[in-house]
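The values are calculated or read from the model by the stated rules, or taken from the named source; none is laboratory data. Keep in mind that this is a model prediction, so the values were computed, not measured. Glycine gets a Cβ as well: all are built from the backbone with ideal geometry, and neighbour counts include every protein chain shown.
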Amino acid sequence: MSDGSRLKILSIAHAAVSRDAGRLRYYPLAERDDVDIHLVVPAVWHQFGRTIVADPSDDAGMTVHVLPIRLPRAGPMSWYLHFYPGLRRLIRELKPDVIHLWEEPWAIVSLQARLLKGAAALVMEVDQNILKRLPPPFEFIRKQVLQNTDHVLSRSPDATSVVRAKGYIGPVTPIGYGVDLSNFHPDVEPMTPRAVRPDFRIGYVGRLVEEKGLDDALDAMVQTEASVSLAIMGEGPYEDRLRQRIAELGLTDKVTFRGWGTPADVAAFLRSLDATVLLTRTTKSVREQFGRVIVESQACGIPMIGSQSGAIPDVVGDGGWIVPERDPAALAKQLDAIMADPQALRAHGLAAQSNVKNRYTYAAVADALVSACLEAARKRAA
């Protein structure tokens, strides 16, 4: 290693711009005595119409480099066009053992890291789970980066299949998204007994787009034998159409909306539910890559009803139920079965918590990352 004992990792991650979101996964790394972690984040990031200014860089136990980026929002490919003018000098100064990219392999910043990495091993974290040919120059960039990647951290088996199909032949380690258990945890007070709840309360957290299948939840609600209400937390272009559909089905008094909130707000919202839904519909351009709300819900002890899209069944595990895509009748039948068996609901809630503790804590994510980086560094050194 660089100093004979500690593995020096330089991680480049635009998602770590905020302390209450992506940066949380790095804190277990900062506590380890076998790793010297350096994190590169953009000074300003633009996402879903929001401008996010990087949180301060004085995080204990690690060094955060807040750097300006070029091309921060250049049309529909904005997430993949940015790069860091100061990265060359930083790599020369640090001489990392490993450069870890929490970016897609076709991004300009990934090509930048591949060209500047020097003797460092390259570890790439991938999410894309739909095999498609990218427009120039992104297909060329992906090929170049994957050919020079020493280890892949993959969000799902489908994501692994994509990089394999694009020429990557090296080792792969599965990695999930971690959960902030200080926010996402069960209520300290017991749940309201089933008998006094006016409705079975399901909920959704996320962007309001057609592909998330909320229409299927609405259609299922009018087919169930018992009373079901739906709480929605999020924003997006499909909200007006959803409100129209709710009125058409006579569900106005059964569905509520609220906008985005803090992580603590999201956790409190999830704890107010009996179950969550993520009914993603697979299309040519959409297949659920992970479903972060699944593990956030499960950490709160709330089981998930998910569709068969992409990674959803694997992430849900025993902590919920899986229904066919675009099948409101099947969803209605599943809701009736859940409502008829309160003990099964409780059992799935407990299994949901176990699923998170076994697979999706930040410590588990850190272990996977360090293991991949160690193997890559040893292989590169050899």
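Pairing each residue of region 332-344 that is in contact (Cβ under 8 Å) with a residue 12 or more places away in the chain with any residue that is of a type in the set (K, R) and in a helix (DSSP H, G or I), provided the two are 6+ apart or on different chains, yields C-beta distances under 9 Å for M339/R194; P342/R194. Between R326, R359, R346, the distinction of being out of contact with any strand residue (DSSP E or B) (no Cβ under 6 Å at 6 or more places or on another chain), at positive phi and among the basic types (K, R) belongs to R326 only.
Among the residues examined, A329 qualifies as assigned to a helix (DSSP H, G or I), over 25 Å from A364 (Cα atoms) and out of contact with any Ser or Thr (no Cβ under 8 Å at 6 or more places or on another chain). Output the residues belonging to region 308-329 that are of a type outside the set (A, V, I, L, M, F, W, C) and touching a His at 6+ places or on another chain (Cβ under 8 Å). Across region 308-329, the qualifying residues are D318, G319, G320. Within region 305-319, being surrounded by 23 or more Cβ atoms within 10 Å (Cβ to Cβ) and in a loop (DSSP other than H, G, I, E, B) holds for S309, G310, A311, G319.
Please work out which one of (1) touching a Gly at 6+ places or on another chain (Cβ under 9 Å); (2) surrounded by 19 or more Cβ atoms within 10 Å (Cβ to Cβ) is the condition K143 fails and give its number. That leaves (2) as the condition not met. Region 3-57 holds strands (runs of 3 or more DSSP E) entirely within its bounds, and those carrying 2 or more residues that are under 23 Å from I91 (Cα atoms) and more than 17 Å from the chain's Cα centre (by Cα) map to 7-12, 35-42, 44-47.
Just so you know, in region 362-382 the residues that are surrounded by 20 or more Cβ atoms within 10 Å (Cβ to Cβ) and under 17 Å from the mean Cα position of the chain (by Cα) include one that is nearest to Q334 (Cα to Cα), and it is V365. Residues of region 345-358 include none that is farther than 17 Å from G178 by Cβ, buried (at least 22 other Cβ atoms within 10 Å of the Cβ), in the same structural domain as T224 (by TED's automatic domain parsing) and within 19 Å of the chain's Cα centre (by Cα).
Looking at A299, A340, A264, A332 in this structure, which one is at pLDDT 95 or above and either out of contact with any His (no Cβ under 8 Å at 6 or more places or on another chain) or among the β-branched types (V, I, T) (or both)? Give the steps one after another, and end with the answer.
Values: A299 fails: either out of contact with any His (no Cβ under 8 Å at 6 or more places or on another chain) or among the β-branched types (V, I, T) (or both); A340 fails: at pLDDT 95 or above; A264 fails: at pLDDT 95 or above.
Sole residue among the options that is at pLDDT 95 or above and either out of contact with any His (no Cβ under 8 Å at 6 or more places or on another chain) or among the β-branched types (V, I, T) (or both): A332.
When only residues in region 87-133 that are outside any helix (DSSP H, G or I) and of a type in the set (D, E) count, which is farthest from the chain's Cα centre (by Cα)? Out of the qualifying residues, it is D97.
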